[in-house]
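One structure is given here, and the rest of the page talks about it.
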Amino acid sequence: MEKEEYISQVTQVLDSSSQDIKEKFHDALGAIPEKAKSIAVCVFTDQDGEGFLDIRISLDGPDLYILNKEIKDKADLFETKIVEGKVEPPMPLLDPFDLDFDSADTLVDTASSWLEKELKHTDLSKVNIPITILNPDGYGTLKPIKLKR
């Protein structure tokens with residue numbers, strides 16, 4: 001698969017999940033504890049580069065464990081899993097050893113850019129703390145994206 005085709009297919013899957021992701025994001029913002037100092041919208045990919053994608057909210061502030069426990073049920077915005085032998089949602093999977101591009105970087109960049117475009121149109125007024133889109137594992141070529149300062 002070529003890079004442009006992969007980006008297009010990933011974008012289509014994210015577009016088809018857009019309403020669900022935005023609703024979950026909105027719900028999570030409503031549950032942010034007062035002690036939270038910042039919000040990270042974390043974009044994760046599998047270490048093997050096959051194309052699994054997870055998007056999860058993480059909080060920073062005092063007592064990290066307690067802060068994140070308070071939003072535990074609302075933190076997952078998007079998750080790729082195998083259910084009954086099928087990839088759900090239907091993300092395009094790749095053989096990372098048969099590509100001319102870095103699949104992990106491409107997936108993280110595509111998802112991060114998509115999140116910026118979609119989430120900047122949501123109501124961010126529920127919180128008055130910074131919101132950043134990033135990959136904590138170092139994948140992707142983009143700098144962390146400041147959604148709200």
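The values are calculated or read from the model by the stated rules, or taken from the named source; none is laboratory data. Given the structure is predicted, the values throughout are model-derived calculations rather than measurements. Cβ atoms come from the backbone with ideal geometry, glycine included; neighbour counts cover every protein chain shown. The accessibility values were calculated without ligands, DNA or RNA, using every heavy atom of the protein model including side chains. Shrake-Rupley method; radii C 1.70, N 1.55, O 1.52, S 1.80 Å.
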(message) Condition (residue is within 13 Å of the chain's Cα centre (by Cα) and not small (Gly, Ala, Ser)) applied to segment 82-96: is it met by at least one residue?
(response) no
(request) Among residues belonging to segment 130-146 that are open to solvent by less than 30 Å² (accessible area, probe 1.4 Å) and in contact (Cβ under 8 Å) with a residue 60 or more places away in the chain, point out the one that is farthest from SER18 (Cα to Cα). (result) GLY140
(request) Working carefully through the options ASP20, ASP15, ASP54, ASP48, find the one that is in contact with a Phe, Trp or Tyr (Cβ under 6 Å, 6 or more places away or on another chain) and either open to solvent by less than 70 Å² (accessible area, probe 1.4 Å) or within 30 Å of PRO96 (Cβ to Cβ) (or both). (result) ASP54
(request) For segment 105-124, name all the residues that are modelled with pLDDT of 95 or more and part of a loop (DSSP other than H, G, I, E, B). (result) none
(request) Would you please name the residue that is modelled with the highest pLDDT, looking only at residues in segment 57-72 that are open to solvent by 70 Å² or more (accessible area, probe 1.4 Å) and more than 16 Å from the chain's Cα centre (by Cα)? (result) ASP60
(request) Kindly check whether there is at least one residue in segment 9-26 that is in contact with a strand residue (DSSP E or B) (Cβ under 8 Å, 6 or more places away or on another chain), β-branched (Val, Ile, Thr) and either without any contact (Cβ under 8 Å) to a residue 12 or more places away in the chain or not in a strand (DSSP E or B) (or both). (result) yes
(message) Would you confirm whether or not segment 97-105 contains a residue that is open to solvent by 30 Å² or more (accessible area, probe 1.4 Å) and of a type in the set (Gly, Ala, Ser)?
(response) no
